[in-house]
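The values are calculated or read from the model by the stated rules, or taken from the named source; none is laboratory data. What you see is a predicted model; the values in this text were computed from it and never measured. Cβ: placed from backbone, ideal geometry, glycine included. Neighbour counts: every protein chain shown.
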Amino acid sequence: MKRLGHAIMSDRKRYEDFCSRNTDVPLFFQPWWLDAVCSSQWDAFVYSEGDRVFALMPYCLKRKYGFNTIKPPMLTPYGGVWFSYPSNISLCKKYSLEIKAMEYFSEQLKKLRIAFFATRFHHSVTNWLGFYWNGFKQTTFYTYRISGLDDMQSVFANIDGSVKKRIKKLEKDFEITSDLTTREFYEVNRMTYERQGVACPFSYDLFAKVEDACRQRGLGRMFAIRDKESNVHSVAYVVVHDGVCYGLFSGTDPKYRRFNAATLLLWHIINHASQCGCREYDYTGSVMRPIETFIRHFGAIQTPYFYIEKRYSALYSFLLRLKG
């Protein structure tokens, strides 16, 4: 189906073809990533004018309370819209392109007859007017990023003094390892949620599928930190792509929280990112106060990003309020 100057609705094949020909499509927009996190049950909108593709919007339909919804897939910190700008585009034309694409995507979402839509933009996307003018709402969240990883002396200098002391103290009694099985790694991470009285938001099967897809491409790495008695205190999973190291998740065994071994683990991961030639480490966001405090003390740059949503069904919104 062609509409709006040859833009095609729900065109997964065209999306995949475009990604195969363009190396700059971000990690979390890659078809193989979407296959892993959405169990291949995903589709996409493609905005184009003539034969020139200007914007992509992948999505995954899910059922919730008997309603069709679109939400960010698990283990996927960024999504929404990705733009393919012409070279030397002026600011005026850039904003115009973004707005036209977003308004087109808004029209196509309406045709899906969903009850709810939500996505998280990458922090580089700073314009959401095309969605705003179509009844969407925006909430600002934050990620923290450490850039300049080619100069680790400067990175270390920017870390809070209390964290530096903790790192040096922990180095005497702990070691970093990558020898855990996928199941062992997941179980340590799951304990973090159990301590909070909630279930881990993603299953072992999903993590194993993502980890396998990343390992096949040499992008993912599991890290753990052990004490001298070989007890695993904390774990963290990162993915490296196009010069950025993304921290997807981490967890700590509640029995060992008081040792704060996660501090040394994170410092090791930042060094790993530098050694891999990454230009930055992205924590991929958290507004939970204890986590924000922890990562802020590493001297990272606070960076806003947009969470965009729209509720199409009053009944679905009512059910959400009841659950809350």
Taking the options Arg195, Arg183, name whichever one is touching a Pro at 6+ places or on another chain (Cβ under 6 Å), of a type outside the set (Asp, Glu) and over 30 Å from Ala115 (Cβ atoms). Arg195
Looking only at residues that are touching a residue at least 24 places away in the same chain (Cβ under 8 Å) and not in a strand (DSSP E or B) in the range 217-254, which one is farthest from Glu175 (Cα to Cα)? Asp242
Only one of these is in contact (Cβ under 8 Å) with a residue 40 or more places away in the chain, closer than 28 Å to Asp212 by Cα and surrounded by 14 or more Cβ atoms within 10 Å (Cβ to Cβ): Pro31, Pro77. Name it. Pro77
Going through the range 117-143 in order, the residues found to be outside any strand (DSSP E or B), touching an Asp or Glu at 6+ places or on another chain (Cβ under 9 Å) and among the β-branched types (Val, Ile, Thr) are Val125
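Rundown of residues vs (1) surrounded by fewer than 18 Cβ atoms within 10 Å (Cβ to Cβ); (2) more than 30 Å from Lys110 (Cβ to Cβ); (3) of a type in the set (A, V, I, L, M, F, W, C), yes/no style:
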| position | (1), (2), (3) |
| --- | --- |
| Arg221 | no, yes, no |
| Asn231 | yes, yes, no |
| Phe249 | no, yes, yes |
| Arg258 | yes, yes, no |
| Ala273 | no, yes, yes |
| Asp282 | no, yes, no |
| Ile291 | yes, yes, yes |
| Gln302 | yes, yes, no |
Could you look through the range 286-323, keep only residues that are part of a helix (DSSP H, G or I) and of a type in the set (D, E, K, R), and pick out the one that is nearest to the chain's Cα centre (by Cα)? Glu292
Looking for something within 14 Å of the chain's Cα centre (by Cα) and assigned to a loop (DSSP other than H, G, I, E, B) - is there at least one such residue anywhere in the range 50-71? yes
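Might you let me know whether the range 134-149 holds any residue that is over 30 Å from Pro73 (Cβ atoms), surrounded by 12 or more Cβ atoms within 10 Å (Cβ to Cβ) and not polar (S, T, N, Q)?
yes
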Could you tell me whether Phe105 is assigned to a helix (DSSP H, G or I), among the hydrophobic types (A, V, I, L, M, F, W, C) and surrounded by fewer than 21 Cβ atoms within 10 Å (Cβ to Cβ)? no
Look through Arg195, Arg215 and report the one residue that is modelled with pLDDT under 95, surrounded by 12 or more Cβ atoms within 10 Å (Cβ to Cβ) and of a type in the set (D, E, K, R). Arg195
Name the residues in the range 108-132 that are among the aliphatic types (A, V, I, L, M), crowded, with 16+ Cβ neighbours inside 10 Å and out of contact with any Pro (no Cβ under 8 Å at 6 or more places or on another chain), would you? Leu109, Leu112, Ile114, Ala115, Val125
If you check Thr182 against the conditions, is it of a type in the set (Val, Ile, Thr) and either in contact with a helix residue (DSSP H, G or I) (Cβ under 6 Å, 6 or more places away or on another chain) or closer than 30 Å to Ser96 by Cα (or both)? yes
The range 88-102, subset surrounded by fewer than 20 Cβ atoms within 10 Å (Cβ to Cβ) and not aliphatic (A, V, I, L, M), residue farthest from Lys137 (Cα to Cα): Asn88
